[in-house]
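**Q** Got a structure for you, questions after.
The values are calculated or read from the model by the stated rules, or taken from the named source; none is laboratory data. Small disclaimer: the values here were computed from a predicted structure and weren't measured. When we count neighbours, we look across all protein chains shown, and the Cβ atoms used for this are built from the backbone with ideal geometry, even at glycine.
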Amino acid sequence: MSRELIINGIYRHFKNLYYCVEAVAKHSETEEEYVVYRKMYGDRGRWIREKQMFLSEVDREKYPDVQQQHRFEFLRLQSERIFLRPWEYGDASRLFELAADPDIGLRAGWKPHQSEEESLNVIQNVFRNDSTWAIVLKESGDVIGAMGYGPSCDCGLPAVGNEPTVGYWIGKPYWNQGYCTEGLKLMLDFMREQGGCKSVISGHFVDNPASGRVMEKCGFVATGEECLCPELHGGENRPVRVLRLKL
Ligand SMILES: CC(C)(COP(=O)(O)OP(=O)(O)OC[C@H]1O[C@@H](n2cnc3c(N)ncnc32)[C@H](O)[C@@H]1OP(=O)(O)O)[C@@H](O)C(=O)NCCC(=O)NCCS
């Protein structure tokens, strides 16, 4: 069985750690091929490993409970510059660093984070599920924002049937570089593959047009409606512009 390695591709190790493959190099004497790959965590250092070993299957006798077939598997949710991965408890300090900024939460309808403990609590109780991801830069391994979808039944949007809604934010130093659009496109493709819903409903505070622009760049169309979403922080009297995307 042959599997092609993708240079600049993110691979998930079966112990749930993420790596970027940078190159395949040959040993100068044996000509054996080695993979050069960079950690997307910790010191972001580089490792090398025999290509054959890199592409091999998980040792089932040693790790009978691992679901993944291969030691390293190409991550589905990635684009040229970013990838989406589950939030980890170790992300709490980075989440606090980004989400303490009032310019993020107040635009999206939540209170800025007050402490690292609060950020950890959000990871535990809000972010740790199958439809919420950290947005990570391939170049540095840094978390730069969040992307997710979920039921729209608890919000004031005029949803039809079981239409889900989407949510996202990007840390301020990374605004206006196309990262959110790249991340939302990845997630929408994933939702199309998952099936089960024909359309997505979303909205943004009228005074936060950048978010509407992200949705429009991903194909959302304004329905012409405005609504209130009182479940959002500050949402009692701030109109929300409604958009919908046919999947
Ligand atoms: C909205 C947000 C997620 C956008 O992230 P981003 O990575 O900067 O988005 P992108 O770079 O992919 O696209 C931003 C678009 O908005 C446009 N934009 C920025 N400020 C704008 C403004 N004041 N008015 C109109 N458009 C604006 C940009 O020009 C860009 O469009 P373009 O590519 O056509 O030039 C980010 O600003 C953010 O996190 N805001 C706070 C949280 C939030 O609003 N979340 C969404 C809640 S509904």
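**Q** Give SER115, SER152, SER131, SER119 a once-over and let me know the one that is loosely packed, with under 15 Cβ neighbours inside 10 Å, more than 9 Å from the ligand (Cβ to nearest atom) and of a type in the set (Gly, Ala, Ser).
**A** Values: SER152 fails: loosely packed, with under 15 Cβ neighbours inside 10 Å; SER131 fails: loosely packed, with under 15 Cβ neighbours inside 10 Å; SER119 fails: loosely packed, with under 15 Cβ neighbours inside 10 Å.
Only one candidate qualifies: SER115.
**Q** Then there is this: If we scan segment 188-203, do we find a residue that is near the ligand (Cβ under 9 Å from one of its atoms) and not aromatic (Phe, Trp, Tyr)?
**A** Within segment 188-203, one or more residues are near the ligand (Cβ under 9 Å from one of its atoms) and not aromatic (Phe, Trp, Tyr).
**Q** May I ask you to verify whether ARG60 is closer than 30 Å to GLU32 by Cβ, of a type outside the set (S, T, N, Q), at pLDDT below 95 and away from the ligand (no atom under 13 Å from the Cβ)?
**A** yes
Here's the yes/no breakdown for (1) at pLDDT below 95; (2) closer than 21 Å to ILE170 by Cβ:
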| residue | (1), (2) |
| --- | --- |
| ALA23 | no, no |
| GLU32 | no, no |
| VAL35 | no, no |
| ARG38 | no, no |
| GLY45 | no, no |
| ARG49 | no, no |
| GLN67 | yes, no |
| LEU98 | no, yes |
| GLN114 | no, yes |
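**Q** While we're here: Take segment 170-223 and flag every residue that is modelled with pLDDT under 95 and at positive phi.
**A** Once the filter is applied, which keeps residues that are modelled with pLDDT under 95 and at positive phi, segment 170-223 yields GLY195, GLY196.
**Q** Right, here's the next one. Please pick out the residue among GLY161, GLY141 that is under 26 Å from ARG238 (Cα atoms) and more than 13 Å from the ligand (Cβ to nearest atom).
**A** GLY161 is the lone residue from the list that is under 26 Å from ARG238 (Cα atoms) and more than 13 Å from the ligand (Cβ to nearest atom).
**Q** Here's another thing I want to ask about it. For the condition surrounded by 20 or more Cβ atoms within 10 Å (Cβ to Cβ) and assigned by TED's automatic domain parsing to the domain that holds TRP175, what is the one hit in VAL136, VAL126?
**A** On inspection, the qualifying residue turns out to be VAL136.
**Q** Residue check, GLN177 against (1) closer than 15 Å to LYS217 by Cα; (2) more than 11 Å from the ligand (Cβ to nearest atom), all met but one. Which one?
**A** Failing condition for GLN177: (2).
**Q** Here is a follow-up. Suppose the filter is acidic (Asp, Glu), assigned to a loop (DSSP other than H, G, I, E, B) and within 23 Å of ILE135 (Cβ to Cβ); does GLU80 pass it?
**A** When the stated conditions are applied, GLU80 passes them.
**Q** Right, next: Considering only segment 130-247, give the strands (runs of 3 or more DSSP E) lying wholly within it that have at least 1 residues that are closer than 26 Å to VAL21 by Cβ.
**A** Qualifying strands (runs of 3 or more DSSP E): 132-137, 143-151, 164-170.
**Q** For CYS227, only one of the following conditions fails: (1) within 20 Å of PRO102 (Cα to Cα); (2) more than 12 Å from the ligand (Cβ to nearest atom). What is its number?
**A** (1)
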